[in-house]
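S.K.: To start, I am sharing the structure in question, which I have written as structure tokens.
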Amino acid sequence: SLASTAITCFTRGLDLRKGTEDVLCPANCPLWQFYVFGDGVYASLSSICGAAIHRGVITNAGGAVRVQTLPGQENYPAVNANGIQSQVLSRWASSFTVTPVTKDTALEAVGRSVSTARPSTGKRPKKTPDKKAGNKDCKADIAFLIDGSYNIGQRRFNLQKNFVGKVAVMLGIGIEGPHVGVVQASEHPKIEFYLKNFTAAKEVLFAIKELGFRGGNSNTGKALKHTAQKFFSLENGARKGIPKIIVVFLDGWPSDDLEEAGIVAREFGVNVFIVSVAKPTTEELGMVQDIGFVDKAVCRSNGFFSYQMPTWFGTTKYVKPLVQKLCSHEQMMCSKTCYNSINIGFLIDGSSSVGESNFRLMLDFVSNIAKAFEISDIGSKVAAVQFTYDQRTEFGFTDYVTKEKVLSAIRNIRYMSGGTATGDAISFTIRNVFGPVKDGPNKNFLIVLTDGQSYDDVRGPAAAAQKAGITVFSVGVAWAPLDDLKDMASEPRESHTFFTREFTGLEQMVPDIIRSICKDFLDSKQ
């Protein structure tokens, strides 16, 4: 009979010396720290106890396992089983299988320790490129906002870390896959590590393991706002065009208000998920500031962004569904904001009544609005047309895809001088400027800037613009008749019509116009 050798949670197949060996796995190994490669036949780089739990030979209570060494093979698959996500390995020099130890085997646990430092036999395998790249199908920059308050306490805080660790591993973190960071919410938020700090699951797991519990009130609102504003900067590792996600873990309920933080997150283009654990009971509801705190904070209250777990125990089955949500980027409705998902066309009056110096003030006004938006090849875009009786496209939506180039093009517009045919100019702009982008993903806005009465009809062309899905703002200066301005503007006309007596008054309108654009954008998305 074979005596069983007591091994540790981390003993690997390649640490054993015999072709067949019975080993005794300890109880309560942290599942999320296991490295297991393959399914059924495991690369000898795998943890033996991890493989045995993955295979269902033992549970996390430990026990005896028979390990049989086998030759190496190619393409060990990744399979999720019994709470362990095994990983892909393209080849390894040796393998093993795990089977239950039959009852008649005399089980004497011989406590001889097994050296884990023994060099492996066979050639070193090549590092698999796939592992480093990560899961390319899951594009996300994720902040895990973990609960470090007295509500959760030290013990459940550790269970929360285990859960976050499992989610991180299953996401497939890698250079071209998801990147994650962690923020701890308590009295004051603390960014524990940023997206740029680690690009491998192993490093992230280690960093999560090392997190210390802070304690204090659960000021989740404060932490959410701080994370939305500070965490996703380019210098901290956020990537252009990748959805930004905050996963808020909440044990019980928050001590502060989440509504304002939710608004800020949406403005910043961040998709907020809330994982609530141990929801307040009926008796506890009296202590909760705002019973609807989940719906106020999530990206959309359509059920997709909220996730519930009854307790922190037995959470393994909740890992995969959460990961699937975090990886479905087409559902990330909040990534698109008014700042990064619109086209703004400016129609600028170049008639002789304006004059050169006032024309410059009009261009400053155009620049100040354009400046507020995230202009890029995958973001917002700007175009400009100048008109008299005639029209001239100064630049189209696809001519300049950086903010610097757009602003410089606006500065370089030369004043034409001539009559005023605003209606024709609107028709020209719909056809030539908005025509090429009409099937694009961005929402379209037209800002008509004029200082006088039009010689032609503006009502028909403005209605055609709205029919083409273009929201029209009319901005009048000096002699522009209010009736014309109202006729051109989209509904509700009050919030789309602007007027100032003096050209110098244009500057004060900029914030209101930007706010109105964003409101229209959000209303169109609900």
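The values are calculated or read from the model by the stated rules, or taken from the named source; none is laboratory data. Not measured: the values here are computed from a predicted model. Every residue, glycine as well, gets a Cβ built from its backbone with ideal geometry; the counts of neighbours run over all protein chains shown. These accessible areas exclude ligands, DNA and RNA; they are computed on the full protein's heavy atoms, side chains included. Shrake-Rupley method; radii C 1.70, N 1.55, O 1.52, S 1.80 Å.
S.K.: Whether any residue in the range 83-97 is part of a loop (DSSP other than H, G, I, E, B), at pLDDT 85 or above, crowded, with 21+ Cβ neighbours inside 10 Å and among the polar types (S, T, N, Q) is what I want to check.
M.R.: Scanning the range 83-97 turns up at least one residue that is part of a loop (DSSP other than H, G, I, E, B), at pLDDT 85 or above, crowded, with 21+ Cβ neighbours inside 10 Å and among the polar types (S, T, N, Q).
S.K.: When you check N340 against the structure, is it in a strand (DSSP E or B) and crowded, with 16+ Cβ neighbours inside 10 Å, yes or no?
M.R.: Criteria not met by N340.
S.K.: Between a first residue in the range 451-466 that is among the aromatic types (F, W, Y) and a second residue that is in a loop (DSSP other than H, G, I, E, B), which pairs have beta carbons less than 9 Å apart while being 6 or more apart in sequence or on different chains?
M.R.: Listed by first residue and then by second, the contacts come to Y455/Y389; Y455/G419; Y455/T420; Y455/A421.
S.K.: Something else: How do the helices (runs of 4 or more DSSP H) wholly within the range 437-526 filter down when requiring 2 or more residues that are closer than 22 Å to S417 by Cα: which remain?
M.R.: The qualifying helices (runs of 4 or more DSSP H) are 482-488.
S.K.: Every residue in the range 33-61 that is open to solvent by 20 Å² or more (accessible area, probe 1.4 Å) and part of a strand (DSSP E or B), please.
M.R.: D39, V41, T59 - these are the residues of the range 33-61 that are open to solvent by 20 Å² or more (accessible area, probe 1.4 Å) and part of a strand (DSSP E or B).
S.K.: Another question, if that's okay. Which count do you get for residues in the range 301-323 that are basic (K, R) and crowded, with 19+ Cβ neighbours inside 10 Å?
M.R.: Residues meeting the conditions: 0.
S.K.: From the list G345, G303, G314, G286, which one is part of a helix (DSSP H, G or I) and either under 30 Å from G423 (Cβ atoms) or modelled with pLDDT under 95 (or both)?
M.R.: The conditions single out G286.
S.K.: For residues in the range 354-403 being closer than 13 Å to L449 by Cα and of a type in the set (F, W, Y), which is surrounded by the most Cβ atoms within 10 Å (Cβ to Cβ)?
M.R.: Here the answer is F387.
Residue-wise test of (1) surrounded by fewer than 19 Cβ atoms within 10 Å (Cβ to Cβ); (2) not β-branched (V, I, T).
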residue: I175; (1), (2): yes, no
residue: Q184; (1), (2): no, yes
residue: H188; (1), (2): yes, yes
residue: N197; (1), (2): yes, yes
residue: G212; (1), (2): yes, yes
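S.K.: If you don't mind, another one. Out of K296, K279, K222, report the one residue that is within 21 Å of the chain's Cα centre (by Cα), closer than 19 Å to Q308 by Cβ and open to solvent by 60 Å² or more (accessible area, probe 1.4 Å).
M.R.: K296
S.K.: State whether the residues of the range 130-137 include one that is in contact with a Leu (Cβ under 6 Å, 6 or more places away or on another chain) and in a loop (DSSP other than H, G, I, E, B).
M.R.: There is no residue in the range 130-137 that is in contact with a Leu (Cβ under 6 Å, 6 or more places away or on another chain) and in a loop (DSSP other than H, G, I, E, B).
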